[in-house]
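As structure tokens, the structure follows; a few thoughts come after it.
The values are calculated or read from the model by the stated rules, or taken from the named source; none is laboratory data. Remember, predicted model here, so these are calculated numbers, not experimental data. Methodologically, a virtual Cβ is constructed for each residue, glycine included, from the backbone with ideal geometry; neighbour enumeration extends over all protein chains shown. Side chains included, ligands, DNA and RNA excluded: accessible areas come from the protein's heavy atoms. Shrake-Rupley method; radii C 1.70, N 1.55, O 1.52, S 1.80 Å.
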Amino acid sequence: LGWWRIGGAGDMDSEAARAVHRKLLEWFWYEKELQAANRLDMAMDNDFYDNLQWTAEDAQVLRDRGQMPLVYNEIAPMVDWIIGTERRSRVDWRVLPRAEDDVDMADVKTKVLKYVSDINRVAFTRSRAFADAVKVGVGWLDDGVRDDPTQDVIYSKYEDWRCVLWDSSAYEPDLSDARYVFRWRWVDEDVAVMMFPDREAQVRAATHDANRAAHVADEDTWYEMDDGSDANVNGTLNAAGSGYMVDAKRNRVRLIECQYREPATVKVVASGVFKGAIFNPHDEAMGHAIAAAGCMLVDKTMMRVHVAVFTESDMLCMGPSMFRHNQFSLTPIWC
């Protein structure tokens, strides 16, 4: 997940923060219910590719008759052909100059994009998302920045479709008119506490709730949960028919991230290199460029992208997105 730490623990417990938390949870559960039938179809499509084409009941009928529930998969070769076509048609970046004096800079940009692509293995990441799109209808890429000094600052990653929900009211394929997009992760409790040390009590409470729900869920309900990883909420091993093994405990908590648009009045750069960008007083590069060029700032009311990370019971952090492009970091690939 991309983490934006805004404000302290007191801010996250304020009435305003709780109101935002309630609103985001309403959106989240509304989309989960609305998209449930479609996500079930997507999961079945993915199973068909993986040779899981029998229901458990029908397969048992065959076994009772002394037959094996064999699968002659006619779907996988067709899907593999499409996936292979994308892999064979990969291309490298190439930035073309607009004028004669842009030739050198275009060459530099081409090399920079090639370096970023290579360091992040973008070709493989994009192919993985494309494979999801062919199998289930949509794949996801996540592009952003990180502050880890041991890795490159720019990243491009694959995102599992099972862990993403988007605004079903959006019309544009790039979700530029969407109000929100959700994703979630099951994170080890100690890792989550390190990520949000000022919200330790809230993280541990959410972990306890998840573990309690896991123990009371029966096996049929267990595998109907949302993202496929929920069967390991508390880390217990649950092979078919073997029950729980208490010596494999692993406390985990589901952290939900929402990138959402809110109407706001902001200052926008009216000219220069950063023309059209939202002014960020904490962006030193932007501040120096604006001061050197004498650019003018204008007030504009627009839909500003915000980011929040929360559990089902508490807000952990929230605030405006740090990206200048004012877009979601998740990009859908449709098929």
How much of the accessible area of the stretch 111-181, in percent, comes from carbon and sulfur atoms when a 1.4 Å probe is used?
-> 53
Once both axes come from the Cα atoms, what is the angle between helix 36-49 and the longest principal axis of the chain, in degrees from 0 to 90, rounded to 10?
-> 70
Relative to the longest principal Cα axis of the chain, at what angle does helix 200-216 sit, 0 to 90 degrees, rounded to 10?
-> 20
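Report the rotationally averaged projected area of the chain based on its alpha-carbon convex hull, in square nanometres.
22.0
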Can you give the angle from 0 to 90° between the axis of helix 122-136 and the longest principal axis of the chain, with both taken from C-alpha atoms, to the nearest 10?
-> 50
Output for the stretch 97-130: trypsin sites (Lys or Arg not before Pro) sitting in coil per DSSP, at most 15 other Cβ within 10 Å, listed by number, reads ARG98, ARG121
Using a 1.4 Å probe, what is the accessible area per residue for the chain, in Å²?
-> 59
Yeah, the stretch 71-171 with a ≥ b ≥ c from its alpha-carbon gyration tensor (a/c under 1.5 is rounded, else prolate when a/b outruns b/c, oblate otherwise) is prolate
For the chain, give the magnitude of the charge dipole about the Cα centre (Cβ charges: +1 Lys/Arg, -1 Asp/Glu; no others), in debye to the nearest 20.
-> 760
